[in-house]
């Protein structure tokens, strides 16, 4: 089994048939069918069920497909790393991001990085913190931008400033005297009985905080993405509890936010890389920009 065979196999899976894969690979169908047969014979197990117009993966085929994707991604990343060593600040930087990191990255860090290193492009993989940790471990990405809390002793971490969680919702869900003129802090007691929209990443953390405060929360919705939580709040369906920077991910017209004054709910954005791994010149430069203070021009 070699990289070429894995490329053939994943293309067959993704195209849905040997004929379509052969067309994409600029091969004739018989040699591609033969390579698939050789792979199955070498492994001693059937990988696909062949139909008249399409193929269906067996359980073994699904397992190999997942592994092959990682192997091919790592192979491509290795090639680009080596090319980067030869050509300097060029190529593609493979990074992973969580949805709530968008505002922290796009406010000025990514534009500033692009201004300095315009020859570098990005391949962005989105997922939750734990999915990104797996991608980092497998070599699919060089860096991940995630949120605390997380525990992994196999990564190096580069942190941004600490930020609070906020309650964001329609004005009529907040006390009558809070009309958006000033940003006031709320206690967890304010959320007692309110319809809450939680970002799943922080569900356990929030429920623990509620329990310790003797609050039985009214959970209306739990969302996998901070953006979804904010959109539901924007629609007037409840109060979203998300990190403060998540409020800046998208424009808002119908909601305001208040900081939750609770030390247990503080969170930070962190850029992480696999401990002891080789970092390309572009990745090192990204980490440098990531940790810089905001340019004065951005504050004016």
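Each value in this text was obtained by applying a stated rule to the coordinates, not by laboratory testing. In this text, all values refer to a predicted model and were calculated from it rather than measured experimentally. Neighbour counts are summed over all protein chains in view; Cβ atoms, including those assigned to glycine, are modelled from backbone coordinates with ideal geometry.
For the pair residue 41 and residue 158, what calculated FRET efficiency results from E = 1/(1 + (r/R0)^6), where r is the Cβ-Cβ distance and R0 = 41 Å, to the nearest 0.05?
Values: r = 48 Å, r/R0 = 1.16.
The pair residue 158/residue 41 has a calculated efficiency of 0.30.
Consider all pairwise Cα distances in the stretch 3-67 and report the whole-number % of them above 20 Å.
On the way: 289 of 2080 pairs.
Of the Cα pairs, 14 percent sit more than 20 Å apart.
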Listed residues 149, 30, 243, most fluctuating in the chain (Gaussian network, C-alpha, under 10 Å): 30
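How do 216-226, 154-164 rank on mean C-beta neighbours within 10 Å, highest first?
On the way: 216-226: 16.3, 154-164: 14.6.
Highest mean packing first, the order is 216-226, 154-164.
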Could you state the principal axis extents of the C-alpha atoms in the stretch 167-271, from the largest down, to the nearest angstrom? 33, 31, 24
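Quick check on the stretch 128-178: take the gyration tensor over C-alpha atoms, sort the square-rooted eigenvalues as a ≥ b ≥ c, and tell me if it's rounded (a/c under 1.5), prolate or oblate.
Prolate.
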Once every DSSP H run of n ≥ 4 in the chain is given -39500 (n - 2.57) and the sum is divided by its residues, what mean residue ellipticity at 222 nm do you get, rounded to the nearest 500 deg cm²/dmol? -12500 deg cm²/dmol
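With a Förster radius of 22 Å, plug the Cβ-Cβ distance of residue 29 and residue 56 into 1/(1 + (r/R0)^6) and report the FRET value to the nearest 0.05.
Working: r = 18 Å, r/R0 = 0.82.
Result of the calculation: an efficiency of 0.75.
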Give me the percent of DSSP beta bridges within the chain that run antiparallel, rounded to the nearest 5. 55 percent
What is the spread of the Cα atoms of the chain along each of their three principal axes, largest first, in whole Å? 75, 45, 36
Nearest 10 degrees, 0 to 90: what angle lies between the long axis of helix 59-87 and the longest principal axis of the chain (Cα atoms)? 80 degrees
Given points 7 Å out from each Cα along the Cα-Cβ axis, report the residue 261 to residue 185 separation in nanometres with one decimal. 0.5 nm
I want to check the label-to-label distance for residue 221 and residue 252. Put each point 7 Å from Cα in the C-beta direction and report it in nm to one decimal. 1.4 nm
With no solvent and one equal point scatterer per Cα, compute the Debye intensity ratio I(q)/I(0) for the stretch 96-172 at 0.18 Å⁻¹ and report its log10, rounded to two decimals. -0.87
